[in-house]
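Working notes for the structure below.
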Amino acid sequence: MRKTTITFIATVVAILNYSLIVSAQTAKPKPTWLKCPQCQTPEERAASRAKEEKLQFNPKDLTGIWNQNRIQLSRDVPAMTEWGKARYDTTKTEAVLNGETVSNTKDPMLICDPLGWPRWFTYNYGFEFVQLPDRMVQFLEWGHTYRTIWTDGRDLPNPDEVDPRWLGYSVGRWEGDTFVVESVGFDDRSWLSENRVDRRYGYPHSDQAKTIERYHRVNHNAIDVTLTITDPKTFTKPWVTTGQILRSPGTEIGEYFCVPSEANEHTNRVLLPAAGATAK
């Protein structure tokens, strides 16, 4: 009996030692700090995507860092209403150099106002989707903040009955393999975008604006996106943008704050003097 017990103990010890050796050989490398999506070189970006482009993927799993490539709003801008045109005219900048706009000095972004939605999506250098049982969290690099998209079945609020928010109120649902996000209740101090054709102007929106985003993952590294802005107070029809956002493997969201003191210094030292204006 004693001999059997000793043999059993020796066998267990041998198995444990072997397990430790195997574990040591197969252990994952120690985690390290990664570059931000925008900090990669084009070569690093291409190489990191190439490594993973043929990996299998779950179309209902959007987890990861996306949109470093950025999608700009379509240049096919809908006609504006009278109210929208009047708001649009108030965004015109007076700072030009040799007839060319240097920068729209009325842009809220230049005084570090929150970008608002969907400008946070189109301008951002990268964001991370994290899926939880009752919500999708979107961590945004610009401003180092986050957006909550509720997936617990709640309805959108009436925008007239809630306090406006820079990111609005968002709910999401799956339609097959497409993640659909609807948002309302936006703070109308933000711009949808600057006018990239005529940078003297920026595109406003009203507090009645609504956005619908549709995310369809088509492979390991890409999501097809359709963004629809509906704002009957500002535009005569919906503004639709389509594009593809790319995954940024081998990166992690960095810290990209807009610092008011730095923004003011840049405006006064660079933008206004370049336009022949007086620093404020």
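The values are calculated or read from the model by the stated rules, or taken from the named source; none is laboratory data. No experiment lies behind these values; they were computed from the predicted model shown. Positions of Cβ are backbone-derived with ideal geometry, glycine not excepted, and every protein chain shown enters the neighbour counts. Protein only, heavy atoms only, side chains kept; ligands, DNA and RNA dropped before computing areas. Shrake-Rupley method; radii C 1.70, N 1.55, O 1.52, S 1.80 Å.
General observations
- Any hit, segment 87-95, residues being of a type in the set (F, W, Y), farther than 23 Å from Q68 by Cα, part of a helix (DSSP H, G or I) and open to solvent by 10 Å² or more (accessible area, probe 1.4 Å): yes
- Residue count, segment 28-52 (criterion: part of a loop (DSSP other than H, G, I, E, B) and either surrounded by 13 or more Cβ atoms within 10 Å (Cβ to Cβ) or within 19 Å of the chain's Cα centre (by Cα) (or both)): 3
- When residues in segment 168-208 are screened for being among the aliphatic types (A, V, I, L, M) and closer than 21 Å to G243 by Cα, 4 of them pass.
- Across segment 210-262, the number of residues qualifying as among the aliphatic types (A, V, I, L, M) and surrounded by 16 or more Cβ atoms within 10 Å (Cβ to Cβ) comes to 8.
- Selection from segment 107-133 of residues that are among the charged types (D, E, K, R) and out of contact with any strand residue (DSSP E or B) (no Cβ under 7 Å at 6 or more places or on another chain): D113
- Among (1) at pLDDT below 75; (2) assigned to a loop (DSSP other than H, G, I, E, B) - the single one N264 does not satisfy: (2)
- Within segment 160-197, being of a type in the set (K, R) and surrounded by fewer than 17 Cβ atoms within 10 Å (Cβ to Cβ) holds for R173, R189, R196.
- D207 falls short on exactly one of the conditions (1) in contact (Cβ under 8 Å) with a residue 24 or more places away in the chain; (2) closer than 30 Å to C36 by Cα; (3) surrounded by fewer than 18 Cβ atoms within 10 Å (Cβ to Cβ), and that condition is (2).
- Members of segment 137-171 found to be part of a strand (DSSP E or B) and on the phi > 0 side of the Ramachandran plot, listed by number: none
- Top-ranked residue of segment 104-131 - restricted to ones that are of a type in the set (S, T, Y) and part of a loop (DSSP other than H, G, I, E, B), ranked as nearest to Q68 (Cα to Cα): Y125
- Pairs where the first residue, in segment 59-79, is surrounded by 18 or more Cβ atoms within 10 Å (Cβ to Cβ) and of a type in the set (D, E) and the second is part of a loop (DSSP other than H, G, I, E, B) and modelled with pLDDT under 95, C-beta under 9 Å, 6+ apart: none
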